[in-house]
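Down below is the structure, laid out as structure tokens.
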Amino acid sequence: MDILETDAFDRRQKRNMSCALLLSLLPFFLSTAVFFYLWTPDSPPSIMSAGVKSAPTLLLAAVVLRWNGGQSVLGVMGGLLLAAVGDCCLVWPKLFVPGMGAFAVSHLLYIFTFLSSRYTPYSSSSSFLTRFLSLILFMVGGGFYIYLYPFLQKTTNPKVLVPAVGVYIVLSSLMGALAIRTRKMTTMLGSLSFLVSDLTLAVQLFKETAPMKYGHTVVMVTYFLAQLLIAVGDVNAVEKDDFAKLKRS
């Protein structure tokens with residue numbers, strides 16, 4: 001097989017994969033549409049609302065498992081499952097801390113995934129830019145924690161929330177920095193969208209001001225977008241790795 005035939009074969013494979021992946025994501029898009037159609041932020045917590053809220057993330061986990069197999073259980077698929085647990089917990093305000101813990105472990109699994117060989121960049125030509133952007137990300141995270149600190153001290157449980165939120169921000173910032181390190185656009189945008197969702201939610205939860213207009217909508221739109229991009233990025237990372245191995249052989 002010559003170079004032109006190989007390139008044409010690769011293009012056909014990638015096109016077929018993109019179409020198949022889009023079809024497998026249709027349940028996610030449908031469940032997300034149902035969530036926004038039924039969702040009322042001020043409605044009382046219920047098992048039904050928890051199920052509707054977590055359904056899109058669970059469906060993304062199923063997509064990643066289908067495409068990447070069992071290796072994703074301790075990776076992005078596992079992170080999505082834990083995020084779904086967090087989604088359910090956050091429906092009930094009294095379960096906020098367990099929900100934040102579930103999301104923290106989800107970030108840890110994303111971190112381990114972004115450190116794997118599938119995500120490791122093959123070139124260090126842009127290492128300075130990567131480090132610079134990562135430094136900015138940590139500075140933003142640190143500055144945001146300093147901003148939130150006085151509000152956290154006024155909560156009903158500051159001894160738990162002050163250190164817990166600090167740890168969570170460190171994990172979120174590290175996850176975003178490692179996503180930048182991968183230099184995979186889908187993964188980077190997904191992780192940064194996750195950070196926007198987290199920061200917007202934190203401002204609304206802890207700052208003693210009037211609620212942001214459409215604040216809850218911003219949180220959920222950026223959250224679902226983040227999980228979608230991270231999931232798609234993980235599928236593409238596996239497929240590109242397989243293509244590379246095929247070409248080397």
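The values are calculated or read from the model by the stated rules, or taken from the named source; none is laboratory data. What you are looking at is a predicted structure, and each value in this text was computed from that prediction instead of being measured. When we count neighbours, we look across all protein chains shown, and the Cβ atoms used for this are built from the backbone with ideal geometry, even at glycine. We work out accessible area using only protein heavy atoms, side chains counted, and drop any ligands, DNA or RNA first. Shrake-Rupley method; radii C 1.70, N 1.55, O 1.52, S 1.80 Å.
Residue check: is VAL167 of a type in the set (A, V, I, L, M, F, W, C), at pLDDT 95 or above and more than 19 Å from TYR223 (Cβ to Cβ)?
So VAL167 passes the test.
Specify which of the listed residues (SER31, SER46, SER72, SER24) is of a type in the set (Gly, Ala, Ser), open to solvent by less than 50 Å² (accessible area, probe 1.4 Å) and modelled with pLDDT of 95 or more.
SER31
From the list PHE151, PHE112, exactly one residue is farther than 24 Å from LYS53 by Cα, free of Cβ contacts under 8 Å to residues at least 60 places away in the same chain and open to solvent by 70 Å² or more (accessible area, probe 1.4 Å). Which is it?
PHE112
Would you check which residues across segment 75-99 are surrounded by fewer than 19 Cβ atoms within 10 Å (Cβ to Cβ) and assigned to a helix (DSSP H, G or I) and list them?
PRO93, LYS94, LEU95, PHE96, VAL97, PRO98
Please determine, by comparing only the residues of segment 184-231 that are open to solvent by 30 Å² or more (accessible area, probe 1.4 Å) and of a type in the set (Val, Ile, Thr), which one is farthest from LYS154 (Cα to Cα).
THR186
May I ask you to verify whether LEU246 is crowded, with 18+ Cβ neighbours inside 10 Å, modelled with pLDDT under 95, assigned to a helix (DSSP H, G or I) and more than 21 Å from the chain's Cα centre (by Cα)?
no
From the residues in segment 165-177 that are in contact (Cβ under 8 Å) with a residue 40 or more places away in the chain and open to solvent by 20 Å² or more (accessible area, probe 1.4 Å), which one is farthest from the chain's Cα centre (by Cα)?
In this case the residue turns out to be VAL167.
State yes or no: is PHE128 touching a residue at least 40 places away in the same chain (Cβ under 8 Å), among the hydrophobic types (A, V, I, L, M, F, W, C), open to solvent by 30 Å² or more (accessible area, probe 1.4 Å) and over 25 Å from GLY79 (Cα atoms)?
no
In segment 118-141, which residue that is touching a helix residue (DSSP H, G or I) at 6+ places or on another chain (Cβ under 8 Å) and small (Gly, Ala, Ser) is modelled with the highest pLDDT?
Going through the qualifying residues, I end up with GLY141.
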